[in-house]
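Chemist: One structure, as structure tokens, below. Some questions next.
Read-outs: derived from the displayed coordinates by stated rules, not from any lab. Every value quoted in this text rests on a predicted model; they were computed, and no experiment measured them. Here Cβ is always computed from backbone atoms with ideal geometry, including for glycine, and neighbour counts include all displayed protein chains.
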Amino acid sequence: MNDLEKRLAELPLNPSPPDWREAILSAAEKESPRAKVIVFPAFLRAHRVAWGALAACWLAIGFLNLADPSHGELYSLAIVPGQTPSVTQIAAYFELREQLLRWPTATATILKIDRYKL
Amino acid sequence: MIAFLRNLAHCESDVRDVTQEIFCRLARDPALLAKARNPRAFLLTMAYRMVVDMHRHAAVRERYAAGAVEIFAPAATPDETLFRESVAAAMRELPGEQRAVIHLKLWEALTFEEIAAALDLSPNTAASRYRYGIDKLRTLLRPVYEDIL
């Protein structure tokens, strides 16, 4: 480099206006695909693995619950207090009672329940 | 990069528009910069291409009347102010290709190989553009430069 080139290279360049940085970065942030993730609350982002595991557990519980074929049937067999039970409900009750009577320790309890309910 | 854009663009709003567009493009596709071997050269290349594209639009020429950008920082003395203004005016006299090479060489301290890669030229072309540009600057600045030194 000769003298003129050195002299030119030493000239300080004008710095960018201070307000540009914030404006440009905020415009770029809006374009970023990551910006959409920011809508999640901070506490969800802080422990993503833990929250993910919890969500997976709930999904598994929900799936097992729906996949159980007896679930709906049992719910429909529930006897509502104050209403006369249907024939199906009575039949289901006796079937369940028979099964429980085969379980030795439960016999006494069942007989007590019979005394109150029937 | 902003200083480089100031040397190439014709008004401050163009500099800002191009800078913002570069950042938005990178935000949309961060892999662009991640894949670059030399991120600084990559940004300068992006800036150069966008300014060239911008100049192709006829509408932008109307903005030339808005006044030139301040390339250099304000000086403390009148002599230095005069010199910086003269350099800025002389730079505007140069063709865009020479101005780009001179800026990258003098104020970004890139080698001719790096300049060639950034501007998509051969190193020899970059070097010859630099020499032609410096010769023109010397001619244009001779009165001021000799007064100051």
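Chemist: Take A:47, B:10, B:55, B:103 and order them by how many other Cβ atoms sit within 10 Å, fewest up front. Don't skip to the end; give the middle numbers.
Modeler: Values: A:47 11, B:10 21, B:55 15, B:103 25.
So the residues, fewest neighbours to most, are A:47, B:55, B:10, B:103.
Chemist: Still on this structure: What number comes out for the charge environment of residue A:22, summing +1 per Lys or Arg and -1 per Asp or Glu over other residues with Cβ under 14 Å away? Walk me through the numbers before you get to the answer.
Modeler: Working: positive: A:21, A:30, B:16; negative: A:19, A:29.
Residues near residue A:22 contribute +1 overall.
Chemist: Run the quick spin-label model on residue A:83 and residue A:29: label points 7 Å from Cα toward the beta carbon, then report their separation in nm to one decimal.
Modeler: 5.6 nm
Chemist: Other chains' Cβ within 10 Å of A:12-20 residues: what's the mean? Provide the component values of the computation, followed by the final result.
Modeler: Values: counts 7, 12, 12, 3, 9, 4, 0, 1, 6.
If you average over the peptide's residues, the count of other-chain Cβ atoms is 6.
Chemist: Order these by the 10 Å Cβ neighbour count, fewest first: B:91, B:50, B:1, A:1.
Modeler: Working: B:91 24, B:50 20, B:1 17, A:1 11.
Sorted ascending by nearby Cβ count, the order is A:1, B:1, B:50, B:91.
Chemist: What residues of the range A:45-59 lie in the reach of a label at residue A:66, counting those whose backbone N is under 12 Å from a point 7 Å from the Cα along Cα→Cβ?
Modeler: Under cut-off, by backbone N: A:59.
Chemist: I've got another one for you. Nearest 0.05, what FRET efficiency do residue B:113 and residue A:47 give at R0 = 45 Å with Cβ-Cβ as r? Please report the intermediate quantities before stating the final value.
Modeler: Details: r = 49 Å, r/R0 = 1.08.
With R0 = 45 Å, the Cβ-Cβ based efficiency is 0.40.
Chemist: Next up: Quick one: order B:17, A:19 by neighbouring beta-carbon count within 10 Å, fewest to most. Please list the in-between numbers first.
Modeler: Values: B:17 17, A:19 9.
Least crowded to most crowded, the residues run A:19, B:17.
Chemist: A further question on this structure: Take peptide B:18-28, look around each residue's Cβ out to 10 angstrom, count Cβ atoms belonging to other protein chains, and average those counts.
Modeler: What the average comes to for B:18-28 is 5.
Chemist: At 0.36 nm per residue, and after removing the present C-alpha to C-alpha distance, how many nm does the segment from residue B:135 to residue B:75 gain when stretched out fully? It would help to have the intermediate numbers written out before the result.
Modeler: Working: separation 60, 0.36 × 60 = 21.60 nm, distance 2.48 nm.
Fully extending the segment from residue B:135 to residue B:75 adds 19.1 nm.
Chemist: Next up: Quick one: length gained pulling residue B:53 to residue B:85 fully straight, 0.36 nm per residue minus the C-alpha distance? Write down the numbers at each step before the final one.
Modeler: Values: separation 32, 0.36 × 32 = 11.52 nm, distance 2.73 nm.
My answer for the length gained is 8.8 nm.
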